[in-house]
Structures are given as structure tokens and as C-alpha cells.
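Below is one structure, written out as C-alpha cells; the observations come after it.
The values are calculated or read from the model by the stated rules, or taken from the named source; none is laboratory data. Being a predicted model, the structure only gives us computed values, none of them experimental. Positions of Cβ are backbone-derived with ideal geometry, glycine not excepted, and every protein chain shown enters the neighbour counts.
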Amino acid sequence: MTISPLKIYTGELNSTPLGDFRFAASDLGLIAVEWADSQPELDAYLQKLNYPTEPNQKKIDPYAKELREYLSGKRTTFTIPIDWTPFTPFQREALQAVFRIPYGETRTYIDIAREIDRPHAYRAVGAANAMNPMPIIVPCHRVLGTDGKLHGYGGGDGLPTKEWLLKFEGAMMA
């Protein structure tokens, strides 16, 4: 992986309706957000990026502020910068398409594949979605199976968390 930033900053957001979160960001933007109880997975992801990390809550505060606003119903769009450099070109395309799904709406893996002009790559879109290191911010909870049903969610308590997020946003589900 080729990454521009020389340093990754870490911090946290606690006491939200969905629990406690841990963040990582570079000078280019957010790199990861994860539930606190998944700290080992976050640590492993950051280790793969191979850049020094340092705790710096002040650098993380803008990211934490927007997630808190979202979870309190005061924000429907994230405006924080995202560092897309850790991703392959395909992952970047797929996750940027997911990032553009509007609040309260859903898409299927096939919809995303078509949007990025790779209509047969819906399984690869699913794989990119499954490794999304920024759940909620890059709203992989808004992606449904072709049947319009919930399939897979690695964050929080899994599918119940995905369902909670979609209901919270007022999204229509099959």
C-alpha cells in the first residue's frame, strides 16, 4: 500500500447511542473509525499501514464531533476529509460510491457496481464494502443484498447494528 501521510493520529469518542469509538486520521483525513471493543482489529489495520501512530485527541476532535452529531440526529452528511490513499483504485472507487449514498437511502451491491461502470463486479464491491475501515462515515450500512435484505455488517453487534442505523435514518427496507 502506498500512503502519503507520515503520521497517523488516534483518538476516541465515547458514550454514544452505539457505544464507544476509536478513530485514526492522517493529515489528509480520516483513515479509520472502529468500535472500541474492536481495538485489536483497528490496531492490526493501522500496523499494516506501517506509519507511526500517536495519540492526539485534538486532531481527532473534528471527526468525533461529526459522528456525535450524526448519532444525535443533528447531521445527515459528513463533511470531514477522508484519506483515500490506503485503498487500491477499485476499493477507492467502490467506497467513494458508497460514501455518496444519501442519508436515509439504500443501494444494492449491483447498484454500486453499475455506478462505477463495472456491472459484473458486485462481489468485488461486496468485498470492498466488507473491509471498509470507516463504518458509518462511509455508510456501508446503506448497502443491501440484491434481494433488498440485510446482508453482513462487521460493525458493532453486526446485523442488529446495521438495522438500527437504517431505522435511525428512516431508510426503507424490504
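Checked against (1) crowded, with 20+ Cβ neighbours inside 10 Å; (2) of a type outside the set (S, T, N, Q); (3) closer than 20 Å to Tyr63 by Cα, Glu169 passes all but a single condition, namely (1). Please go through the stretch 1-28 and give me each residue that is among the small types (Gly, Ala, Ser) and touching a Phe, Trp or Tyr at 6+ places or on another chain (Cβ under 8 Å), ordered by number. Once the filter is applied, which keeps residues that are among the small types (Gly, Ala, Ser) and touching a Phe, Trp or Tyr at 6+ places or on another chain (Cβ under 8 Å), the stretch 1-28 yields Gly11, Gly19, Ala24, Ala25, Ser26. Using the structure shown, decide if Pro135 is within 24 Å of Phe23 (Cβ to Cβ), modelled with pLDDT of 95 or more and crowded, with 20+ Cβ neighbours inside 10 Å. It is true that Pro135 is within 24 Å of Phe23 (Cβ to Cβ), modelled with pLDDT of 95 or more and crowded, with 20+ Cβ neighbours inside 10 Å.
If you check Gly156 against the conditions, is it in contact with a strand residue (DSSP E or B) (Cβ under 6 Å, 6 or more places away or on another chain), among the small types (Gly, Ala, Ser) and surrounded by 15 or more Cβ atoms within 10 Å (Cβ to Cβ)? Give the steps one after another, and end with the answer.
Numbers: in contact with a strand residue (DSSP E or B) (Cβ under 6 Å, 6 or more places away or on another chain): yes; among the small types (Gly, Ala, Ser): yes; surrounded by 15 or more Cβ atoms within 10 Å (Cβ to Cβ): yes.
Against the criterion (in contact with a strand residue (DSSP E or B) (Cβ under 6 Å, 6 or more places away or on another chain), among the small types (Gly, Ala, Ser) and surrounded by 15 or more Cβ atoms within 10 Å (Cβ to Cβ)), Gly156 qualifies.
In the set (1) of a type in the set (S, T, N, Q); (2) surrounded by 18 or more Cβ atoms within 10 Å (Cβ to Cβ); (3) not assigned by TED's automatic domain parsing to the domain that holds Ile136, the condition left unmet by Thr76 is number (2).
Kindly indicate whether Ile137 is more than 18 Å from the chain's Cα centre (by Cα) and β-branched (Val, Ile, Thr). When the stated conditions are applied, Ile137 does not pass them. Given (1) in a helix (DSSP H, G or I); (2) over 29 Å from Pro160 (Cβ atoms), identify the lone condition not met by Ile60. For Ile60, the exception is condition (2).
Leu42: in contact with a Ser or Thr (Cβ under 9 Å, 6 or more places away or on another chain), in contact (Cβ under 8 Å) with a residue 12 or more places away in the chain and part of a helix (DSSP H, G or I), yes or no? Judged against the criteria, Leu42 is a match.
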